[in-house]
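Student: Here it is: the structure, laid out below.
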Amino acid sequence: MPPFVLLDVGRPTEVDVTIDQGDVWIDSASVDSALGWELKPEGFCKDDVCIPVASNPGIVNNGEIRLAALADLLRRPLALSLEERAAYLGPPRALYDQTVETLDAPDFTFPDLDGHPHSLSEHRGSKVLLAVWASW
Amino acid sequence: MVITVAVDRASDARPWIEKAAPTHPSLVDEAHHLGELYNMVNVPTVVWIDEEGRIARPNDVAFTTEWGGKYAKVSTDEQMALLRSWIRGETPSQPEDVLRGQIAAMPDESQEARAHFGLGWWLLQSGHTGAAEHHFHLGGELAPDDFMIRRGTMRFRESDPFGAEFVQMVADWHELGHSYYLPLPVE
């Protein structure tokens, strides 16, 4: 069976999962390696933040966490393909709420046609007109 | 400083960029991450960002051509005059509460739709074309106002983004009483 791929805003990591009646359960060590959230007695922790996990076997069971519950916990949108064994987690809701609150323009890094990366933050100190277009 | 970003496949954006031969950074965001970060649903759209890296005007439809402006019901001359005045420092940025009010609300469904786009894009890269199309479709159903998904995936689905599917999509959208472009209100 091909590995299950978890896409963290597009960045792929192969993760260990159990699939039970349509529910994807991710091994907590995989959650740490893919997303940087470590399962501790106080909950899922990253840096100095811990999100408590209810002692509910429907959420965490046997060192595995149900993917849909994890997405809810982190307030991240989830799209799942059981057939192709892949799931995509979008940016946390808090990121956008923070943008609206602080009005800080979210930084990004994209390549030009030669593959050279450019970031918005390189242009701090100048006014920037960000113009977004497409050929379609 | 102008930065342009094409939410497009590099191969589709390339001829346009090469013809324009810009001197400013001209970037390609194939995976539509800008949509996720800035809550963008259509192109063309511009954001003004000040020297401190803060949003001075949230993303707003803008055209450089008269026909485009007419279609989107924005005045390209007025937009350009406003922009020049802001760049010269003659017009300050809007007060923060006004800016916050201008930023479009983002329902959870919109980000969920973008997650389906992101999954679909990865599936497409992995050769799972059918599964990719399914997730592009789900994204469009969740967020029918997201034309970066609905129109921006047409080429991936062997459909012409200037053809019958597009014309029908816009006609249906208008029928429901919506606009294809949503300019910010003019103060």
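Student: Roughly how compact is the range B:108-175, stated as its Cα Rg over 2.2 N^0.38 Å to two decimals?
Tutor: 1.06
Student: Continuing with this model, one more query. From the backbone phi of the range B:131-147, what are the Karplus-calculated ³J(HN,Hα) couplings (6.51 cos²θ - 1.76 cosθ + 1.60, θ = phi - 60°) in whole Hz, Gly and Pro given as x?
Tutor: Here the 3J(HN,Hα) series is 5, 4, 4, 4, 6, 4, 5, 4, x, x, 6, 5, 9, x, 8, 8, 7 Hz.
Student: Right, another one. Can you compute the modelled spin-label distance between B:Met80 and A:Asp112, with each label point 7 Å from Cα toward Cβ, in nm?
Tutor: 2.5 nm
Student: Then there is this: Just want the answer: with Cβ charges of +1 for Lys and Arg and -1 for Asp and Glu, which residue in B:Trp48, B:Ser93, B:Gly68 is farthest toward the dipole's positive end in the range B:31-102?
Tutor: B:Gly68
Student: Using alpha carbon centroids, what distance separates the range A:79-114 and the range B:112-131, in Å?
Tutor: Rounded to whole Å, the Cα centres lie 15 Å apart.
Student: Relative to the Cα centre, what is the charge dipole magnitude of the range A:13-136, using +1 at the beta carbon of each Lys and Arg, -1 at the beta carbon of each Asp and Glu, and rounding to the nearest 20 debye?
Tutor: Value, rounded to 20: 380 debye.
Student: Which one, A:Ala54, A:Ala87, A:Ala34, has the greatest fluctuation when you compute a Gaussian network model over chain A with C-alpha springs under 10 angstrom?
Tutor: Highest fluctuation among the options: A:Ala54.
Student: Quick one: give the max-minus-min coordinate of the C-alpha atoms of the range B:1-43 along each principal axis, largest first, in Å.
Tutor: 29, 25, 14
Student: Order these peptides, B:65-73, A:10-18, B:108-116, by their mean beta-carbon neighbour count within 10 angstrom, highest first.
Tutor: The most tightly packed comes first, giving B:108-116, A:10-18, B:65-73.
Student: Which percentage, to the nearest 5, of the DSSP beta bridges contained in the protein assembly as shown is antiparallel?
Tutor: Counting DSSP beta bridges with both partners in the protein assembly as shown, the antiparallel share is about 75 percent.
Student: Report Rg/Rh for the range A:30-136, rounded to two decimals, where Rg is the Cα radius of gyration and Rh the Kirkwood radius.
Tutor: 1.07
Student: Something else: For the range B:108-175, what relative contact order do you get, as a whole percent, if you take Cα pairs closer than 8 Å and at least 6 residues apart? Write down the numbers at each step before the final one.
Tutor: Values: 60 pairs, mean separation 17.4, N = 68.
That works out to 26 percent.
Student: OK, next. Apply the Karplus curve 6.51 cos²θ - 1.76 cosθ + 1.60, θ = phi - 60°, to the phi angles in the range A:97-105 and return the couplings in whole Hz, x for Gly and Pro.
Tutor: Here the 3J(HN,Hα) series is 4, 5, 4, 5, 5, 8, 6, 6, 5 Hz.
Student: Going by how many other beta carbons lie within 10 Å of each one, how would you line up A:Ser55, B:Ser159, fewest first?
Tutor: Fewest-to-most ranking of A:Ser55, B:Ser159: A:Ser55, B:Ser159.
Student: Given the rule -39500 (n - 2.57) for each run of at least 4 DSSP H residues, summed and divided by the residues of chain B, what is its mean residue ellipticity at 222 nm, to the nearest 500 deg cm²/dmol?
Tutor: Numbers: 9 runs with 91 residues, N = 187.
Computed ellipticity for chain B at 222 nm equals -14500 deg cm²/dmol.
Student: Per residue and in cubic angstrom, what volume does the convex hull of the Cα atoms of the range B:31-102 have?
Tutor: Working: hull volume 7.9 nm³, N = 72.
Looking at the range B:31-102, the number lands at 109 Å³ per residue.
Student: What value in Å³ per residue do you get for the convex hull of the alpha-carbon atoms in the protein assembly as shown?
Tutor: Per residue, the Cα convex hull of the protein assembly as shown comes to 158 Å³.
Student: Can you give me the orientation-averaged projected area of the convex hull built on the Cα atoms of the range A:77-130, in nm²? Before the final figure, lay out the partial values.
Tutor: Details: hull surface 23.8 nm².
Value for the range A:77-130: 6.0 nm².
Student: What is the distance in Å between the Cα centres of the range B:153-187 and the range A:19-67?
Tutor: 40 Å
Student: Within 10 Å of each residue's Cβ, count the other Cβ atoms and sort B:Arg88, A:Arg76 from fewest upward.
Tutor: B:Arg88, A:Arg76
Student: Let me know the Rg and Dmax you get for the range B:45-187 when you use only its Cα atoms, in Å.
Tutor: Rg, Dmax (Cα atoms, Å): 17.8, 53.
Student: Any idea what the relative contact order of chain A is, in percent, if you count C-alpha pairs under 8 Å spaced at least 6 apart? Intermediate results must be reported in sequence, preceding the final value.
Tutor: Numbers: 168 pairs, mean separation 24.5, N = 136.
Relative CO of chain A lands at 18 percent.
Student: Check the straight Cα-Cα distances from B:Lys19 and name the lysines below 29 Å, setting aside those fewer than 8 residues away within the same chain.
Tutor: The qualifying lysines are A:Lys127, B:Lys70, B:Lys73.
Bear in mind that the values in this text are calculations on the coordinates, not laboratory data. None of the values given here were measured: they were computed from a predicted structure. A quick note on method: Cβ atoms are made from the backbone with ideal geometry, for glycine too, and the neighbour counts reach across all protein chains shown.
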